[in-house]
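Student: Here's a structure for you.
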Amino acid sequence: MGYVIIGCLLAGTVLLLIYDLRFADKRRRKLTAAVDAVFTAIAAASVLYAVFANISYKDDKDKYDIIGDDVVGAVRYMKTENDHYIFSRSQIMSPAELIAVPKSAAELPSLSVVYPYVIICSQWGAESYDADFPSGKCQVMTGVVKMRTEHIGFAFLTSMFSASVMFIYNLIVFIRTFADRRKDARENSTGGSDK
């Protein structure tokens, strides 16, 4: 479903871009090309990031016990409490589970500021225990080796955001250009003498 939305946004953006580049005035054409180039580069960079992250993720999957790498069990960073990172893990047919990871065990990915979903890699057979935190009862994970940004969702959302911005911007330019062309056509049909 999400890929269909991105596909429709991209198709609409391309059609609007063609119109804008053909009929807009020179200043708008340059600005439209620049805006589209910037957001295309952002989307392309996020997809490249996801491709390279997926390669190293496959290596991690062989070495470590992984949680948070699927939609059903998504792990979202919530906050830091008592020197632990607190995460919420979604579950089917039950409330989310709270997970705590000691700050000393692994570093939180820097992208968590803008995209809070992570993959937690821990040693096979590592124990966990329950503990009370201000957020509630958490399952404290031991043996965590590293945490990484959940790359597929990040690339998808970044691409969706970029496609949406490009579509909206190109639609605005299209409306203004279309209105200007109609106004010019009316003035030319009346000879420019409405006085």
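The values are calculated or read from the model by the stated rules, or taken from the named source; none is laboratory data. Values in this document were obtained by computation on a predicted structure and should not be read as measured data. Backbone-built Cβ (ideal geometry, glycine too); neighbour counts: all protein chains shown. Only protein heavy atoms, including side chains, enter the accessible area calculation; ligands, DNA and RNA are left aside. Shrake-Rupley method; radii C 1.70, N 1.55, O 1.52, S 1.80 Å.
Student: Tell me which residues, restricted to region 38-71, are aliphatic (A, V, I, L, M), farther than 11 Å from H151 by Cβ and touching a strand residue (DSSP E or B) at 6+ places or on another chain (Cβ under 9 Å).
Tutor: Within region 38-71, I66, I67, V71 qualify.
Student: Looking at L111 and the list (1) under 27 Å from A50 (Cα atoms); (2) without any contact (Cβ under 8 Å) to a residue 60 or more places away in the chain; (3) part of a strand (DSSP E or B), which single condition is not satisfied?
Tutor: (3)
Quick grid of which residues meet (1) under 27 Å from the mean Cα position of the chain (by Cα); (2) at pLDDT below 90:
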site: S122; (1), (2): yes, no
site: Y129; (1), (2): no, no
site: S135; (1), (2): yes, yes
site: C138; (1), (2): no, no
site: K146; (1), (2): yes, no
site: I152; (1), (2): yes, yes
site: T158; (1), (2): yes, no
site: F161; (1), (2): yes, no
site: S164; (1), (2): yes, no
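Condition check ((1) within 30 Å of Y3 (Cα to Cα); (2) out of contact with any strand residue (DSSP E or B) (no Cβ under 7 Å at 6 or more places or on another chain); (3) not aliphatic (A, V, I, L, M)) across all residues:
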residue: Y117; (1), (2), (3): yes, no, yes
residue: Q123; (1), (2), (3): no, no, yes
residue: M141; (1), (2), (3): no, no, no
residue: M147; (1), (2), (3): yes, no, no
residue: F161; (1), (2), (3): yes, yes, yes
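Student: To continue, here is another question. In region 1-56, which residues are in contact with a helix residue (DSSP H, G or I) (Cβ under 9 Å, 6 or more places away or on another chain) and not in a helix (DSSP H, G or I)?
Tutor: Within region 1-56, A24, D25 qualify.
Student: If you check Q139, Q123, Q91, which single one turns out to be touching a Gly at 6+ places or on another chain (Cβ under 6 Å), of a type in the set (S, T, N, Q) and over 30 Å from R29 (Cα atoms)? Please lay out each step first, then the result.
Tutor: Details: Q139 fails: touching a Gly at 6+ places or on another chain (Cβ under 6 Å); Q91 fails: touching a Gly at 6+ places or on another chain (Cβ under 6 Å).
Only one candidate qualifies: Q123.
Student: If I ask for residues that are surrounded by fewer than 19 Cβ atoms within 10 Å (Cβ to Cβ) and either modelled with pLDDT under 90 or within 17 Å of S56 (Cβ to Cβ) (or both), which ones from region 98-111 would you list?
Tutor: Matches in region 98-111: E107, S110, L111.
Student: Something else: Answer yes if at least one residue in region 37-48 is open to solvent by 50 Å² or more (accessible area, probe 1.4 Å) and among the polar types (S, T, N, Q), and no otherwise.
Tutor: Yes, region 37-48 contains at least one residue that is open to solvent by 50 Å² or more (accessible area, probe 1.4 Å) and among the polar types (S, T, N, Q).
Student: Can you say whether A131 is in contact (Cβ under 8 Å) with a residue 24 or more places away in the chain, open to solvent by less than 40 Å² (accessible area, probe 1.4 Å) and over 17 Å from I67 (Cβ atoms), as far as the supplied structure shows? I'd like the intermediate steps shown before the answer.
Tutor: Working: in contact (Cβ under 8 Å) with a residue 24 or more places away in the chain: yes; open to solvent by less than 40 Å² (accessible area, probe 1.4 Å): yes; over 17 Å from I67 (Cβ atoms): yes.
So A131 passes the test.
Student: What is the one condition in (1) hydrophobic (A, V, I, L, M, F, W, C); (2) open to solvent by 30 Å² or more (accessible area, probe 1.4 Å); (3) closer than 21 Å to F133 by Cα that I92 does not satisfy?
Tutor: With respect to (1) hydrophobic (A, V, I, L, M, F, W, C); (2) open to solvent by 30 Å² or more (accessible area, probe 1.4 Å); (3) closer than 21 Å to F133 by Cα, I92 is out only on (3).
Student: Anything in region 1-25 that is over 22 Å from K183 (Cα atoms), of a type outside the set (S, T, N, Q) and touching a residue at least 24 places away in the same chain (Cβ under 8 Å)? List them, or say none.
Tutor: G2, I5, I6, L9, L10, G12
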